[in-house]
Structure formats: structure tokens, C-alpha cells
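Structure first, commentary second.
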Amino acid sequence: MFDELTDKLEQTFARLRGKGTLTEADIKEGLREVRRVLLEADVNFALTREFLERVEKAAVGVNQLKGVNPAQQLVKIVYDELTAMLGERQEGLKLGTIPPTVVMMVGLQGSGKTTTAGKLARKLKGEGRQVRLVAADVYRPAAIDQLETVGGQIGVPVYANRATQDVVRIAREGIEESKRARDRVVIVDTAGRLQIDADMMAELKRLKEAVRPEEILFVADGMTGQEAVRIAQGFNDALGVTGVILTKMDGDARGGAALSIYGVTKKPIKYIGVGEKLDALEDFHPDRMAGRILQQGDILTLVEKAQGLVNEEEAKRLEKKMRKEGMDLEDFLTAMKQMQRLGPLENLLKLLPGVNSSMLKQAKIDPKRMKHLEAIITSMTPKERKHPDLMNGSRRLRVAKGSGRPVQEVNALLDQFRQMQKMMKKMAAGGGGRPPQFPGGMGGFGGGMPPRLPFGRR
């Protein structure tokens, strides 16, 4: 997410950090570079100009602050202005006082609107709210089937009426059924087009008047940059959207859509899609996103993921055992499975402060590697997992055959695990130590620590 933008901004600020003091000329030169980076990321030109004007104004007298590196202070100013550009504060879904709350999903074909409707339904269900989906896209082939499939996967009922193409009737019937079932939220999936046209907007206006939704969420492809902003403005002018969901943000989106859409429409980004799976929908926090862009990490999001998916009791048990007895391979397998629940490891590492794309490339994270490790460990006997020292040559060969992996991988796992045990014992004794090469090929990001962050944090 924003890998290219993040790396270029970091390069710019790294050059400024190399200076003991910053002259006005240094600041102007740095901001010119920031301007170039933002425009290359397809950020709206007018917004870019206004953004830099505010940063330059705030940066006046930056050298007068004592105890803070001027470059770090400049980064802090950029962080504050980025946060403001992204929307300043997080805005969640607005729920009506009288259920069900009607949410209308709008957008063009190909933006991921139907899948996003399912993701939102799953998220709301996970928050304890009874949800229903309404299939009001009667034009796209198999759109109803797709929504019904998604609903079945997440355990959310879907209302559909294949006997009519009257979307107003379908939506009304779906809402009435939702009322009878005492649902808290009903999500109406509407038809999209390949481009904005008068017929589509006229239909959406009729639908809006008929169902009076509390929320009209525009779903935009985050990879399309300024095109997404232009389309969002068209939908907002016609319907008065209440919020935005950006999809496909798990790829290397240039960032133009995310950084421009609020400034142009003044409508908050409420959620972002960060993967294909139905659980890959995150609340959008402007301050946290600004932190990600500037490599300050997003620890709060990481903690929230862990709180929802990691078994706290099991985690406490593992910690207590490791402190007293140390970790065995059974414990390692349990911990690894807990980590896998949080999603791809690469995405988790991106939430840590100071981690950039080059570090991730050095880490050589292979998603299949984790499955291979699990196959190796599960091919061992319980006694072997408890006492890895028992693994002699014949046992290693047996495990290799049982797991379908080369004996070299078995050897590497055992060697790396032994290193990790030694390090943990050393740390427990207060000796510190260099991070080991963890099983899975991700050790210390090439042996280096994350670089010093803005505001003097590491």
C-alpha cells in the first residue's frame, strides 16, 4: 500500500535529515521534491498546491525549536497536513435510530462493489449486528448469484427477486423483509455501469428517494488515481454520497485516490479494502494512514487485528511457558497458527514503524514457506516436537518423506529453531542479543534495525 509513494518521500526526508540545520532554501527544495512525488502519485494538482502552501507556512521558524531536529519537525508538519488531507478523523458507519439502517452501495462496474457489500456485511455481523443484503443489481450477468454466494459464505441472508427488474420494488421488498426479521442493517447492492450515464443516475436517484438510505457509500477502485476522484465527484453531485470505500488498497496503489478524494468531495473515506478475502476490510483512520505513508507504522491497527483474532488465553499460556521452560516446536507451531490468523505476514510487517519495501524484499517472505514449516512440524511425533534434540539423521529423513519437503529444509528449520532458543534464553537472562534468523526466512530484515523515525522514535 503506497509503497512507491512512501519510499520516495522517505528518500526526500532522509536527505534533509542529513543536514544539521535547515535553511529556507533547504525547505523550499525539499517541498519541491515532495510536490513532484505527490504529482507522480496522481494527487490532485490544486490539492497538492494547497497542501504545500500550508506546510511551507507552518515550517517558518522550524529551526528555532530546541531539542528537535529541524528535519524531524518538518516531517511532523507534513504528517499533520497529510492527516488533514485524508480527512482529519475517522468516521464510521452512521446507524439510524429506527432499524433497519439502510446502506446503499454505488459505483462503477469493476470497482469491487458487490464483494465490498459482502465484506461490510461480514464486518457488521462480527460487531454483533443483524444484517441483510439486497440484490438490486439486475443488469450485470450473475450479479445476483455472486451476492448470494457471498452471503452464504458469511452467513448473511440475501433478498433477491428474479421475477422483476424493478430495482425500487426489489429494494422496498428487501427492506420490508428486513423489518420483519428485525435486522439492524440492510445493505442494498445497486447496479454499476462501465461509465457514468444519465440512465444509471436517474435509476439511482429514484432508488434513493424510495428507500431514503442513511448511508450512500461510493465504492472506488483505489488503483485508478484521479479517475476515481472524478467519478466520485460525479456520484456525489448526483446523489450526495455520505462516504467512500476504497478497494484494492493491498496493491501498490499510487495513492492519488486516497489523498485526493476527501479534499475534492469533502466526503470521508470510511473503509478500505486490503485484500480479496471477505475479512479484508479495514476502518479508515486518516492519522494512521498518514503514519503508514511516512513509515511511522500503524501499531494501533496491528493491535486491533490481534485483539479480534488471537486467542488471548493461549497467548498468555505460551508466554508463561516460554519464560519458565522455553519454547518447543509444538509451541512454535501454535504461535505460527495464531499469526496466520492475522493475515499475510508481509501486510503485518508493513504496520511496524520503519519497515519499508526494500526491507520486505530482503526478508524474502514466501507465504508457502509457512505451510511447508507446518507440514514438517506436524510430521514429527509429539515427543520429537517436545524434544527437538532427538532429531537424528534417520528421524530427519523420515520427517522429510512424511512432509514432502527436502531434508535440507528439515535441517534448516531445526538449526534456526535452535538459534532462536539460544537467543530467547540469553534475552531471559538479560543478555540481549541479535535477532535470530527466524524459520520462514525473515530474520531481522537483513540484520538491521529499523531506521530512526520522525519525532526521534525508533
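Observations, loosely collected:
- Amide hydrogen neighbours beyond the local backbone of Leu281, cut-off 5 Å, H modeled: Val274
- Each other residue within a Cβ distance under 12 Å of Ala121 adds +1 if Lys or Arg and -1 if Asp or Glu, for a net charge of +3.
- Separation of the Glu227 and Gln165 label points, Cα + 7 Å toward Cβ, nm: 2.7 nm
- Alpha-carbon Debye profile of the stretch 101-290, log10 I(q)/I(0) at 0.17, 0.19 Å⁻¹: -1.08, -1.36
- Once backbone amide H atoms are built at 1.01 Å from N, Ile269 has Val244 as its partners under 5 Å, excluding neighbours fewer than 5 places away on the same chain.
- Each residue of the stretch 157-168 was assigned a 3J(HN,Hα) from its phi angle through the Karplus curve 6.51 cos²θ - 1.76 cosθ + 1.60 (θ = phi - 60°); the sequence is x, 10, 9, 9, 9, 7, 7, 9, 10, 7, 5, 5 Hz, with glycine and proline shown as x.
- For the stretch 3-86, radius of gyration divided by Kirkwood radius, i.e. Rg to Rh on alpha-carbons: 0.94
- Of all DSSP-defined beta bridges confined to the stretch 101-290, some 10% are antiparallel rather than parallel.
- Net charge of the neighbourhood of Arg162, taken over other residues with C-beta under 14 Å away and scored Lys/Arg +1, Asp/Glu -1, is -3.
- For Tyr159, the residues whose modelled amide H falls within less than 5 Å of its own, excluding neighbours fewer than 5 places apart on the same chain, are Leu133, Val134, Ala135.
- For the set Lys119/Lys368; Lys113/Lys266; Lys205/Lys248; Lys248/Lys337; Lys179/Lys205; Lys266/Lys368, the pairs lying more than 31 angstrom apart at their alpha carbons are Lys266/Lys368.
- Shape of the stretch 51-204 from the C-alpha gyration tensor: prolate (a/c of 1.5 or more and a/b above b/c, with a ≥ b ≥ c the square roots of its eigenvalues).
- Counted charge near Gly243, where neighbours are those whose Cβ lies closer than 10 Å (Asp, Glu -1; Lys, Arg +1): +1
- Karplus-derived 3J(HN,Hα) values for the stretch 131-139, using 6.51 cos²θ - 1.76 cosθ + 1.60 with θ = phi - 60°, are 10, 9, 9, 10, 8, 9, 9, 9, 9 Hz; glycine and proline are entered as x.
FYI, it's all coordinate maths here, none of it is from the lab. Keep in mind that this is a model prediction, so the values were computed, not measured. All Cβ positions, glycine included, derive from the backbone under ideal geometry; neighbour counts span all protein chains shown.
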